[in-house]
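Before any comments, here is the structure.
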Amino acid sequence: MVLELHDICKSYYQGKEPIPVLFDINLEVSEGEYLAIMGPSGSGKSTLMNIIGLLDLQTSGLYKFDGQDVGKCTDNQLSDIRNKKIGFVFQNFNLLPRQSVIENVALPLLYAGVKKKERIQRAKEMLVRVGLEDRMNFKPTQLSGGQKQRVAIARAMVSKPRMLLADEPTGALDTRSGEQVMELFHQLNDEGVTIVMITHELEIAEHAGRIVTIRDGRLHQGGYIESESRQEDSET
């Protein structure tokens, strides 16, 4: 099991007043699974993503990543897990504009202390993997949106993480570029990469092998998406 969430709750404080955001979240993701978490704005999906990605910690409940209780980890241990075991893909790419494509892809390996020769070799391999071997020395400003997201995916995968965590990965892309990114996700998943994708778009969520929905801070296994699909099937 790559991740296990048991009775996860999250509250923020406004002065001394707690503002609950997540309520009793239970979720398990197996190795090699492709999961979509779908919900509208304000549903709590961004907070849940931050907890899954160890960018924030739950107020209560148990979170195990790769069998490890993250609530017992030090800040350095959490940072190590984020850098080596979780690959992040964001809606707005988060590329460094003054660095070349290959430097952007190699960046996680720099933080991990990998020697330069190996960093460059592994970054090249990932850029070939995403079809951008002819753009290695370009700057992000010279790329299209779809190319930028493929660079971001290469950067996320260069450390060979246990899980790829994608936050609205097609949100800033046109339809064709979004389809290309989804096809790349399918290829990675076919190779055994575990993917957890956050989205508000049904068409994007349906690329995953399993969909859960979040509304008002509560997670629903399958939720209204599966219900609507069954209803449509019964009407045809």
Trypsin sites (Lys or Arg not before Pro) restricted to DSSP loop in the range 1-105 with at most 10 other C-beta within 10 Å: K16, R98
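So between L57 and M1, what do we pick up on full extension, going 0.36 nm a residue minus the alpha carbon distance? The partial results should precede the final answer.
Working: separation 56, 0.36 × 56 = 20.16 nm, distance 1.96 nm.
Full extension from L57 to M1 adds 18.2 nm.
Compute the signed sum of charges (Lys and Arg +1, Asp and Glu -1) over the other residues within less than 12 Å, Cβ to Cβ, of E125.
Working: positive: R119, R122, K124, R129, K160; negative: E118, E133.
Taking every other residue near E125 into account, the sum is +3.
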Kirkwood hydrodynamic radius (C-alpha pairs) into Stokes-Einstein, the range 67-123, 20 °C and 1.002 mPa s, D in µm²/s: 166 µm²/s
Along principal axes, Cα extents of the chain, largest first, whole Å: 52, 47, 34
Amide H within-cut-off set for I198, under 5 Å, with H built and near neighbours excluded: I37, A166, D167, E168
In order through the range 94-109: 3J(HN,Hα) via Karplus (6.51 cos²θ - 1.76 cosθ + 1.60), integer Hz, x for Gly, Pro: 6, 8, 7, x, 8, 9, 5, 4, 5, 5, 4, 5, 7, 4, x, 6
Derived scalar couplings ³J(HN,Hα) [the range 148-161; Karplus, 6.51 cos²θ - 1.76 cosθ + 1.60; whole Hz; x for Gly, Pro]: 4, 5, 5, 4, 4, 5, 4, 5, 5, 9, 5, 8, 6, x
Residues N50 and E28, FRET efficiency given R0 of 25 Å [Cβ-Cβ distance, rounded to 0.05]: 0.85
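Would you work out what percent of the accessible area of the chain, with all protein chains in place, is carbon or sulfur (probe 1.4 Å)? Please report the intermediate quantities before stating the final value.
On the way: 5410 of 12040 Å².
Carbon with sulfur: 45 percent of the solvent-accessible area.
Counting each DSSP H run of 4 or more residues in the chain as -39500 (n - 2.57), what helix-only mean residue ellipticity at 222 nm follows after dividing by all residues, to the nearest 500 deg cm²/dmol? Can you show the working numbers first?
Working: 8 runs with 90 residues, N = 236.
One gets -11500 deg cm²/dmol as the mean residue ellipticity at 222 nm.
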Kirkwood Rh (inverse of mean 1/r, distinct Cα pairs), the range 83-178, angstrom: 13.1 Å
Whole-Hz couplings from phi, Karplus 6.51/-1.76/1.60, listed for the range 136-144; x for Gly and Pro: 4, 9, 6, 8, x, 5, 9, 10, 6
Largest-first principal axis extents, alpha carbons of the range 118-164, Å: 30, 21, 14
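Quick one: compute a quarter of the convex hull surface over the Cα atoms of the range 12-78 and quote it in nm². Don't jump to the answer; show the numbers that get you there.
On the way: hull surface 22.9 nm².
For the range 12-78, the mean projected area of the Cα convex hull comes to 5.7 nm².
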Neighbourhood net charge (13 Å Cβ-Cβ; Lys/Arg +1, Asp/Glu -1) for Q142: +3
Charge sum, other residues only, whose C-beta stays under 13 Å from K116's C-beta, Lys/Arg counted +1 and Asp/Glu -1: +3
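The values are calculated or read from the model by the stated rules, or taken from the named source; none is laboratory data. Quantities reported herein were computed from a predicted structural model and do not represent experimental measurements. Cβ atoms come from the backbone with ideal geometry, glycine included; neighbour counts cover every protein chain shown. Ligands, DNA and RNA are excluded from the accessible area calculation, which covers all protein heavy atoms including side chains. Shrake-Rupley method; radii C 1.70, N 1.55, O 1.52, S 1.80 Å.
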